[in-house]
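The values are calculated or read from the model by the stated rules, or taken from the named source; none is laboratory data. This one's a predicted model, so the numbers in the text were calculated from it and none came from an experiment. Cβ coordinates were reconstructed from backbone atoms using ideal geometry, including for glycine residues, and neighbour counts include every protein chain displayed. Heavy atoms of the whole protein, side chains included, go into the accessibility calculation; ligands, DNA and RNA do not. Shrake-Rupley method; radii C 1.70, N 1.55, O 1.52, S 1.80 Å.
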Amino acid sequence: MANLVVDAKGLACPMPIVKAKKGIDSLEPGQMMELQTTDKGSVKDFQAWVKQTNHELVETKEDNGVFTFIVKKGQ
């Protein structure tokens, strides 16, 4: 489903957001990125980041301590 998977597991804030920005910058508008992180704080951070950057948060899920975010790149 995702065009790019970014593994930020084991990294603390702000590194998951830094990795997400680098990843999303490499995509074309409309493409999808999946970010995986184990940082609980990243849930709020990531939702705020998506709003600020005009990308679309398609899905958020948590499985066994791993938070996964699916983001569609905006314009």
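Looking at region 12-20, is at least one residue in contact (Cβ under 8 Å) with a residue 24 or more places away in the chain, open to solvent by 40 Å² or more (accessible area, probe 1.4 Å), touching a strand residue (DSSP E or B) at 6+ places or on another chain (Cβ under 7 Å) and closer than 16 Å to residue 61 by Cβ? No, every residue in region 12-20 fails to be in contact (Cβ under 8 Å) with a residue 24 or more places away in the chain, open to solvent by 40 Å² or more (accessible area, probe 1.4 Å), touching a strand residue (DSSP E or B) at 6+ places or on another chain (Cβ under 7 Å) and closer than 16 Å to residue 61 by Cβ. Applying a threshold of 7 Å to beta carbon distances and a minimum spacing of six or more residues, or different chains, the list of pairs starting in region 56-75 at a residue that is touching a residue at least 60 places away in the same chain (Cβ under 8 Å) and ending at one that is surrounded by 15 or more Cβ atoms within 10 Å (Cβ to Cβ) and not in a strand (DSSP E or B) reads 70/2. Filtered by the rule that a residue be in contact with a helix residue (DSSP H, G or I) (Cβ under 7 Å, 6 or more places away or on another chain), over 18 Å from residue 63 (Cα atoms) and open to solvent by less than 40 Å² (accessible area, probe 1.4 Å), region 34-53 gives a lone residue, 49. The residues in region 21-33 that are in contact (Cβ under 8 Å) with a residue 40 or more places away in the chain and exposed (fewer than 14 other Cβ atoms within 10 Å of the Cβ) can be counted, and the count is 3. The criterion of at least 2 residues that are touching a Phe, Trp or Tyr at 6+ places or on another chain (Cβ under 7 Å) is met, among strands (runs of 3 or more DSSP E) falling completely within region 7-75, by 32-37, 56-63.
Yes or no, residue by residue, for (1) at negative phi; (2) not charged (D, E, K, R):
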{"site": "19", "(1), (2)": "yes, no"}
{"site": "24", "(1), (2)": "yes, yes"}
{"site": "29", "(1), (2)": "yes, yes"}
{"site": "34", "(1), (2)": "yes, no"}
{"site": "39", "(1), (2)": "yes, no"}
{"site": "50", "(1), (2)": "yes, yes"}
{"site": "54", "(1), (2)": "no, yes"}
{"site": "57", "(1), (2)": "yes, yes"}
